[in-house]
Amino acid sequence: MSEGNAAVKHRSAAKRTVIIFYSQTNNTTRLAHKIHRESGVDVIRIKPQKAYPSDGDAINARVRREHKSNQYDQLLNVPSSFKKYDRVLVGFPIWSNDVAYPIQSFLSQNQSKLAGKRIEPFSTSASADSSAIKQSVRTIKLLVPDAHVEKGLNLTSGDTNTKKVKDWVKTAVFKR
């Protein structure tokens, strides 16, 4: 493939890809924007209508309460359609070794719209524990069973390793 054709292929892949993310403390925001700079894909930050508290224990109490009652967040800034996208890069912080609840809400509420899409999760957490991303992938597969969920990327909240991000973007956006 000539260099010109490769550039067209990359632009085409980027047009069919979107970043949807939630961030509580802006660590995931920084990672989402780094991925955006590397790929040029659309980026959308969703937010729960009712913001989560900053205290971890209060977050966990609210999540347990909402989860127990099968109550999901009402979300702001969610696209009405995903028809123009083949890939959805889903970003979130790890909460209690799993997907942050606002993203669980997003996935559950958009299950039919995401069917058949390739979902590439990326997350930030206090530690780069491989079990967290594995649990996250399992959760995403449960919430969107008709999507193609990939392995994902988990970085510590302070990790600014651009090479890891660049390598992941090459696979998540520009290959397959």
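The values are calculated or read from the model by the stated rules, or taken from the named source; none is laboratory data. Keep in mind the model is a prediction, meaning the values are calculated, not measured. Virtual Cβ from ideal backbone geometry, glycine too; neighbours counted across all protein chains shown. These area figures cover heavy atoms from the full protein model, side chains too; ligands, DNA and RNA do not enter into them. Shrake-Rupley method; radii C 1.70, N 1.55, O 1.52, S 1.80 Å.
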Looking across region 47-66 at residues that are of a type in the set (A, V, I, L, M, F, W, C) and either open to solvent by 100 Å² or more (accessible area, probe 1.4 Å) or more than 22 Å from residue 90 (Cα to Cα) (or both), the single one that is modelled with the highest pLDDT is 61
Residue pairs qualifying under the 9 Å Cβ cut-off, at least six apart or on distinct chains, with the first in region 44-65 being touching a residue at least 60 places away in the same chain (Cβ under 8 Å) and within 20 Å of residue 20 (Cβ to Cβ) and the second being outside any helix (DSSP H, G or I) and of a type in the set (S, T, N, Q), are 46/77
Would you check if residue 80 is without any contact (Cβ under 8 Å) to a residue 24 or more places away in the chain and surrounded by fewer than 16 Cβ atoms within 10 Å (Cβ to Cβ)?
yes
| request: Could you tell me whether region 157-176 includes any residue that is buried (at least 16 other Cβ atoms within 10 Å of the Cβ), of a type in the set (S, T, N, Q) and either in a helix (DSSP H, G or I) or more than 15 Å from the chain's Cα centre (by Cα) (or both)? | output: no
Scanning region 105-128 for residues that are open to solvent by 60 Å² or more (accessible area, probe 1.4 Å) and farther than 13 Å from residue 153 by Cβ gives 109, 111, 112, 113, 118, 126, 127
Among (1) more than 26 Å from residue 170 (Cβ to Cβ); (2) in a helix (DSSP H, G or I), residue 72 falls short only on (2)
Picking from 159, 146, 167, the residue that is among the charged types (D, E, K, R) and under 17 Å from residue 27 (Cα atoms) would be 159
Flagged pairs (Cβ under 7 angstrom, 6 or more apart or on separate chains; first in region 106-123, in contact (Cβ under 8 Å) with a residue 40 or more places away in the chain; second polar (S, T, N, Q) and open to solvent by 10 Å² or more (accessible area, probe 1.4 Å)) are 123/154
